Amino acid sequence: MEKLMGLLKVKVVRGVNLAKRDARGSDPYVVIRMGNQKVKTSVKKKDVNPEWNEELTLSVSDPTVPIKLAVYDKDTFSKDDRMGDADFNMWDIAEVVMMEPHHLLALAGEAIKTVKPTRTNCLAEESHIKFTNGKVCQDVVLRLRNVERGEIELQLQWLNIGGAMI
């Protein structure tokens, strides 16, 4: 069994300008996979700008394993339609988590690391990793691929096993 490094709490905040997959709109939900783990949000009926504000948790053993996100349109009588996908890595947040505690405390509330959008990631805008209220956090806006439009907003928070960061 792999050694558990910590937990990554992924708050799926909302979707923005998602694609319509049915005549009356879409009934979107988000599936997040990391390795053999799979978590998903609830379905939001007839909404291309859904607000989930749902927290999903992944166990992290290897921070180099990418996190894959997919958005689907729930259908009653046929296979759910894919509404785009994105992936992101958590290596950047893991690097901050592995910093010495006194460095984190000295930088509390400030951007410790900034991740910029590139051709190899799905970021729609710069993402800042911060140490706030004793927790390493990152707000992420992902641009969906393999679809005409849409973004998903996430808030990531690292949880150490067995207690506080410091």
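Annotations for the structure displayed:
- Extreme residue, positive dipole direction of the stretch 36-166, given options 57, 157, 128 (C-beta unit charges): 57
- About its Cα centre, the dipole of the chain is roughly 400 debye, where the only charges are +1 on Lys and Arg Cβ and -1 on Asp and Glu Cβ.
- Of 108, 23, 94, the one that fluctuates the most in a GNM where the chain has Cα springs shorter than 10 Å: 23
- DSSP-loop trypsin sites (Lys or Arg not before Pro) across the stretch 16-47, with at most 12 other Cβ within 10 angstrom: 24, 45, 46
- Over the chain, the alpha carbon radius of gyration divided by the compact-protein estimate 2.2 N^0.38 Å works out to 1.08.
- Extreme residue, positive dipole direction of the chain, given options 69, 8, 23 (C-beta unit charges): 23
- Extension reserve of the residue 91-residue 132 stretch, reckoned as 0.36 nm per residue once the Cα distance is removed: 12.9 nm
- Trypsin sites (Lys or Arg not before Pro) lying in DSSP loop within the stretch 116-166, provided at most 11 other Cβ fall within 10 Å: 119
- For the stretch 1-95, applying the loop criterion from DSSP together with a ceiling of 13 other beta carbons within 10 Å to the GluC sites (Glu not before Pro) yields 2.
- Scaling against 2.2 N^0.38 Å puts the C-alpha radius of gyration of the stretch 1-78 at 1.26.
- Among the listed pairs 11/113; 46/130; 46/135; 45/113; 38/79; 79/130, a Cα-Cα separation exceeding 30 Å is found for 46/130; 46/135; 45/113; 79/130.
- Per-residue ellipticity at 222 nm computed for the chain from its helices equals -2000 deg cm²/dmol, with DSSP H segments shorter than 4 residues left out and the rest contributing -39,500 (n - 2.57).
- Charge dipole of the stretch 41-134 (Cα centre as origin; +1 on each Lys and Arg Cβ, -1 on each Asp and Glu Cβ, all else neutral): 180 debye, rounded to the nearest 20.
- Candidates 17, 36, 89: whichever shows maximal mean-square fluctuation once the chain is modelled as a Gaussian network with Cα springs under 10 Å: 36
- Taking only the C-alpha atoms of the stretch 68-116, the Rg (one decimal) and the largest Cα-Cα distance, Dmax (whole number), read 18.5, 56 Å.
- Counted residue by residue at 0.36 nm each, then reduced by the alpha carbon distance between them, the extension gain from residue 149 to residue 42 reaches 36.4 nm.
- Counting only the Cα atoms, the stretch 84-166 fills a convex hull of 90 Å³ per residue.
Values quoted throughout were computed directly from the atomic coordinates according to the rules given, and no laboratory measurement underlies them. Since this is a predicted model, take the numbers as computed values, not measurements. As a convention, Cβ positions derive from the backbone with ideal geometry for all residues, glycine included, and neighbour counts pool all protein chains shown.
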